[in-house]
Structure formats: structure tokens, C-alpha cells
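To start, the structure under review is shown below, and the notes come after it.
The values are calculated or read from the model by the stated rules, or taken from the named source; none is laboratory data. Remember, predicted model here, so these are calculated numbers, not experimental data. Because the Cβ atoms are built from the backbone with ideal geometry, glycine has one as well, and the counts that use them run over all protein chains shown.
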Amino acid sequence: MKLFSASFFLTFGLLGLASLSATPKPASVSSIRADDLVEFETLDESRQALIRNALSLTQKELRYLFGSNSPDKGGMDCSGAVQHAVLETGIEDVPRSSYTFYQWVEKEGDLVKTPGVTNVDDPVFASLQPGDLLFWQGTYETGKRNPPISHVMIYLGTLREDGEGVVFGASDGRRYRGKRINGVSVFDWKVPSATSKSKFVGYAPIPGLISDSELDEKAEADSGGAKERPKVIKSALEKIFGRREPDR
């Protein structure tokens, strides 16, 4: 009978623990319908298509999987989920990482930078629209990226049920209405506090996903007119009360 040494059992045990720790977390996601959003029916077709694509992904029970941009792998990361939703609208040459997404919109000149913002009711968000890209830095170490963009999501709009904003993306840890999420999901529209290591740094429309009215304004700006993005549609609270309630 062959006897095994203590080192064998130690090695076997460590390998077993490693395999357990490598087991991917199951998906825990939330979803909504497009018509749950206050603004949806008033959006142009391209933005509606983007939001439908995004919400379709939230219904597939996809976990957070770093490095994946394909639902066929059972999970996706933040930029992979955003890229997939945008590609499904027919836009080509869509970036893959949050950093290259940021460079993409900055090159187009439509990026609204938000230095120091700590509240989604800040006036800097006056032109934020459903379908816009959202950018964070400092959510993880990014090496030599400058700026250190580390996270991207899509703003979906205002939920009819509670008048609060919602976003689309992928995460392991962000929340939706009190639920901790792991995967491709809808999330609460929040920005980090002043004491957080992460920062919200800007938002922008997706290049190529521009309505006729925006194209007209862009043409006017290019010809010397004042450039101003259309104002975001009023939230559910504004529609009901004529004003937006402050955060408490």
C-alpha cells in the first residue's frame, strides 16, 4: 500500500482551496423594462435602441467577468457590457476599455467634465441625457493611464416608480435599490462622496448616436453659433411637483 507524505496532503489541500477561491460568483442582477423610464417614449429611435439593447443584457443573468465582452461566456465586465450594447445599435469601431471610451468621446469634443462633483443633483448634470456614457476613475489601479479612467456605464434615465435615476453596466459590488449586484444589471445613479477614493469625472453622448436636433445644433456650433446640448427631460418628480426634490 502506497503511503502519502504530509507534504502531499498539504499541497492537495492548498490546491483545493485555490480552486474553491477561483470559483466565479453567481450572477445577482436586477432589470427593468424600457417603459419603466420616464423619458423613454420621448427619446429618438437611436437612443431607444441603445437602452433596449442594454436592458436585454440585464435579463440574461450574466455575472461580472473581467476581460469578457461576450454574453456567450456567461458574464461581462463594465466596458464589455457597454461595448456590446453600443455595437448592437449598428455603430462600428466601438472602443473596448473604459479608458479608450473616454478618449473616444473626448476626441469628439462633447465630453462634459465634472471635477469635484459629489451629488447627482449638481447643475453640471443639466444636459445629461438617457443614453449618455458615464465615467469614473479610481475604482481600481490603472497603472499609467492619464487620466486614470477605470469604469464606464450608460445613463438610462429616471425610474417612474420612485423618481430616481438608473444606469446600466456591469459590476461586482455596486447596488440597485439596496440589492448588492454581481453582473450585468441596472444600478442606482450615484456618484462618489468627497471622501471616496473613486471620483466621477465626466459624461458624454455616444459618437454616432446623435438625434436630428443634436445634429442641427452641432452644425450651428461648427458654423460659429453657440453650442448647447439639449436639456435633459424633466424627471418624474419635476413632472408631478414642478421641481426636483433635494437629496436627503
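Of note:
- Scan of the range 160-189 for residues that are outside any loop (DSSP other than H, G, I, E, B) and of a type in the set (A, V, I, L, M, F, W, C), ordered by number: V166, V167, F168, A170, I181, V184, V186, F187
- Options G143, G138; residue that is closer than 15 Å to K190 by Cβ and either in contact with a strand residue (DSSP E or B) (Cβ under 6 Å, 6 or more places away or on another chain) or surrounded by fewer than 21 Cβ atoms within 10 Å (Cβ to Cβ) (or both): G138
- Number of positions in the range 64-78 that are surrounded by fewer than 21 Cβ atoms within 10 Å (Cβ to Cβ) and in contact with a strand residue (DSSP E or B) (Cβ under 8 Å, 6 or more places away or on another chain): 5
- F168 satisfies every condition listed in (1) over 24 Å from V29 (Cα atoms); (2) buried (at least 20 other Cβ atoms within 10 Å of the Cβ); (3) among the aromatic types (F, W, Y) except (1).
- Remark: R63 falls outside the filter, which requires a residue to be under 30 Å from P24 (Cβ atoms), among the basic types (K, R) and without any contact (Cβ under 8 Å) to a residue 60 or more places away in the chain.
- Taking the range 72-91 as the range and being in contact (Cβ under 8 Å) with a residue 12 or more places away in the chain and either in a helix (DSSP H, G or I) or under 25 Å from G138 (Cα atoms) (or both) as the test, the residues that pass are G75, M76, D77, C78, S79, G80, A81, V82, Q83, H84, A85, V86.
- Residue in the range 138-146 that is part of a loop (DSSP other than H, G, I, E, B), aromatic (F, W, Y) and either at pLDDT below 65 or farther than 20 Å from L37 by Cβ (or both) present: yes
- Residues being part of a loop (DSSP other than H, G, I, E, B) and touching a Gly at 6+ places or on another chain (Cβ under 6 Å) - total across the range 92-119: 2
- Breaking point among (1) among the small types (G, A, S); (2) modelled with pLDDT under 95; (3) outside any helix (DSSP H, G or I), for S31: (2)
- Residues within the range 175-202 that are under 19 Å from Y64 (Cα atoms) and either buried (at least 18 other Cβ atoms within 10 Å of the Cβ) or of a type in the set (D, E, K, R) (or both), tallied: 14
- V117 vs. criteria of a type in the set (V, I, T), surrounded by 15 or more Cβ atoms within 10 Å (Cβ to Cβ) and closer than 15 Å to L37 by Cα: no
- Cβ-Cβ under 6 Å pairs, at least 6 apart or on other chains, the range 109-120 side farther than 10 Å from V201 by Cβ, far side aliphatic (A, V, I, L, M) and part of a loop (DSSP other than H, G, I, E, B): T118/A194; V120/V191
- Test: residue in the range 124-133 that is surrounded by 16 or more Cβ atoms within 10 Å (Cβ to Cβ), of a type in the set (D, E, K, R) and out of contact with any strand residue (DSSP E or B) (no Cβ under 7 Å at 6 or more places or on another chain): no
- Residue-level check: of (1) in contact with a Phe, Trp or Tyr (Cβ under 7 Å, 6 or more places away or on another chain); (2) free of Cβ contacts under 8 Å to residues at least 60 places away in the same chain; (3) under 30 Å from N146 (Cβ atoms), N69 misses just (1).
- Verdict on S21 being hydroxyl-bearing (S, T, Y) and at pLDDT below 95: yes
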